[in-house]
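*Asks:* So that we are looking at the same thing, I have put the structure below in structure tokens.
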Amino acid sequence: MLKPYQGQPRVLVGFDGSDDAFRALELGIKEAQAREAELVVVHAVDDTVLNSAWGVVFDPEEIKLNAAEMVARGVEDAVAAGLPRQRVRTEVVLGNPAAALTRMSHQASLVVVGRRATEPGERLFVGSTSVGVVGAAHCPVIVVSAADTLHDGRIGVIGVAVDTSARGAVALEWALQECTQFGGRVVVISIFRAPQGRWFSGGQPTQEQQDAAVEVTRARMAEMVSEITEDYPEVEVTLEVSYGSPVDVLVSRTDELDLLMLEVHASFPTFSVGGLIRGVLTHGRCPIGVIRPRDSHGS
């Protein structure tokens, strides 16, 4: 059973003034309202430049003052949305943004960040801050873009990617707990991918072989998922099994989901995330939630 963060409920929002950051703030406010949590709007002044030769032309105190004025807008937005002012605070820190949010996530129940920083352009890449946070945070992280459509309700449908090795089970249990507390339903998505490697160079499986593999996967998934969902009988859960590219399948489903939850197994020592996480973060069209198994309790 997952154990949520045991302190005062706290939602952190990484805020840098970009369009994506304002969308993260919007979602963070909704999450704080639903959880009756404290909202902390965080801006990290990256000290890379300040510590370089260029640092002589910058006044750190002036930069921090300008940052404080920027995040104050977050307080006003939160209060205007109905959050009590005493439950909203700001933090301006010097340091790498991903490192700062990761450090603060020890004392949070959720982190919300924008998908990209202030760089212009379309969905060509996912920002280094969001990648860094999802790879190392000690609580669930939701990554959101200004291009995502946020529905009026907080939660409708949560998609969860799970495979037959139970990778994704922690994300599934988190989603079930969320729906138990706040409402909504869960769609478990499992993708059977084409065989890889030199031993399978003779061509793609036939349609019959694909169908058979999907049915075997469905039976295994149904058994595994039922063991988790039996503790949450009030939550509606459906299972989808398909054949194809995991990134392509998951991205295509984001048009119909309110949140897609993924489980990240970041590699030590860089805490880098894999191609699946990066691909979905880059191209997904709904908020993407990421949880790390060993720190899923947020402590």
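*Asks:* Within region 87-110, name every residue whose backbone N is under 18 Å away from a label modeled 7 Å from Cα of Glu61 along the Cβ vector.
*Replies:* 92-94
*Asks:* Next question. Accessible area of Leu27, 1.4 Å probe, to the nearest 10 Å²?
*Replies:* 20 Å²
*Asks:* So what's the net charge close to Ile288: Lys and Arg +1, Asp and Glu -1, counting the other residues with Cβ under 10 Å from its Cβ?
*Replies:* Details: positive: Arg115, Arg285; negative: Asp148.
Taking every Cβ under 10 Å from that of Ile288, the sum is +1.
*Asks:* Now for a separate question. What does the charge count around Val216 come to, taking other residues whose C-beta lies under 15 Å from its C-beta (Lys +1, Arg +1, Asp -1, Glu -1)?
*Replies:* Working: positive: Arg193, Arg218, Arg220; negative: Asp163, Glu208, Asp211, Glu215, Glu223.
My count for the surroundings of Val216 gives -2.
*Asks:* Using alpha carbon centroids, what distance separates region 200-260 and region 12-33, in Å?
*Replies:* Result: 32 Å between the Cα centres.
*Asks:* When Lys and Arg each count +1 and Asp and Glu each count -1, what net charge do the other residues less than 12 Å away from Ala68, Cβ to Cβ, add up to? All intermediate terms of the calculation are to be shown ahead of the outcome.
*Replies:* Numbers: positive: Lys64, Arg73, Arg89; negative: Glu61, Glu62, Glu69, Glu91.
Every neighbour counted, the sum reads -1.
The values are calculated or read from the model by the stated rules, or taken from the named source; none is laboratory data. Just so it is clear, the structure is predicted and the values come from calculations on it, not from any experiment. For neighbour counting, all protein chains shown are included, and Cβ atoms are generated from backbone atoms with ideal geometry for every residue, glycine included. Heavy atoms of the whole protein, side chains included, go into the accessibility calculation; ligands, DNA and RNA do not. Shrake-Rupley method; radii C 1.70, N 1.55, O 1.52, S 1.80 Å.
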